[in-house]
1. Give me the extension gain from residue 167 to residue 212: residue separation times 0.36 nm, minus the current Cα-Cα distance, reported in nm with one decimal.
2. GNM on the chain, C-alpha springs below 10 Å: top fluctuator among 178, 12, 192?
3. Taking only the alpha-carbon positions of the stretch 50-91 and ignoring solvent, what does the Debye formula give for the base-10 log of I(q)/I(0) at q = 0.24, 0.34 Å⁻¹?
4. Mean residue ellipticity at 222 nm from the helices of the chain, using -39,500 (n - 2.57) per DSSP H segment of n ≥ 4 over the full residue count, to the nearest 500 deg cm²/dmol?
5. Along its three principal axes, how long is the stretch 1-135 when you only count alpha carbons? Whole Å, largest extent first please.
6. If you build the convex hull over the alpha carbons only and average its shadow over all orientations, what do you get for the chain? Give it in nm² to one decimal.
7. Going by how many other beta carbons lie within 10 Å of each one, how would you line up 101, 10, fewest first?
8. Please report 46, 208, 196 as a ranked list, fewest other C-beta atoms within 10 angstrom at the top and most at the bottom.
């Protein structure tokens, strides 16, 4: 899906957070929303994902104005197309890994339901094979990040909104998450990432610097001395 913002402005508590932001996020591409801390990266991400209302401008989804969507239309977009990987991972620690992926359970939530074959395939892809019955609280931070991505893969989301996915990860998990997001895009998904991580930014095909109509420059690895 093509996700766009045209002249987007947002105020929170009477304070301007975004001013006339325009960005185009295409299918099959990772788009990085970049800027210093407090610049409004997360606000723009949430606005594009229809989680946050805007004061001026428009959000377009496949060319259609989604800014004035009612609650039913927004829920349909979230249910049928979008997946969110936010900074707190959105993981329910007391639930099983399987339930956190499928979000389906039997009566009284005694066991996770859904497509168990697809669940097993997704967990293997995310490096969590055989852990479906474990409580999510047993997972490390990097594993929870991959669990959140597993939910998006299982859902077959066409648009992925990701907030600071590598902020607290070690080098191994950081690269794994970057590779997984790149795989999403390679399969035609629209991936939109709010990040300040140079490695994550460099992996993205497009970059939008908050407060500028021009894309942020591509980072180049510096030679070691």
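Bear in mind that the values in this text are calculations on the coordinates, not laboratory data. Note that the structure is predicted; figures quoted are calculated from it, not measured. Methodologically, a virtual Cβ is constructed for each residue, glycine included, from the backbone with ideal geometry; neighbour enumeration extends over all protein chains shown.
1. Numbers: separation 45, 0.36 × 45 = 16.20 nm, distance 2.35 nm.
Gain on extension, residue 167 to residue 212, equals 13.8 nm.
2. 12
3. With no solvent term, the Cα-only Debye profile gives -0.93, -1.24.
4. Helix-only estimate at 222 nm: -9500 deg cm²/dmol.
5. 47, 31, 31
6. Working: hull surface 55.1 nm².
For the chain, the mean projected area of the Cα convex hull comes to 13.8 nm².
7. Numbers: 101 27, 10 21.
Exposure proxy ranking, most exposed first: 10, 101.
8. Numbers: 46 20, 208 25, 196 17.
By the 10 Å Cβ count, ascending, the order reads 196, 46, 208.
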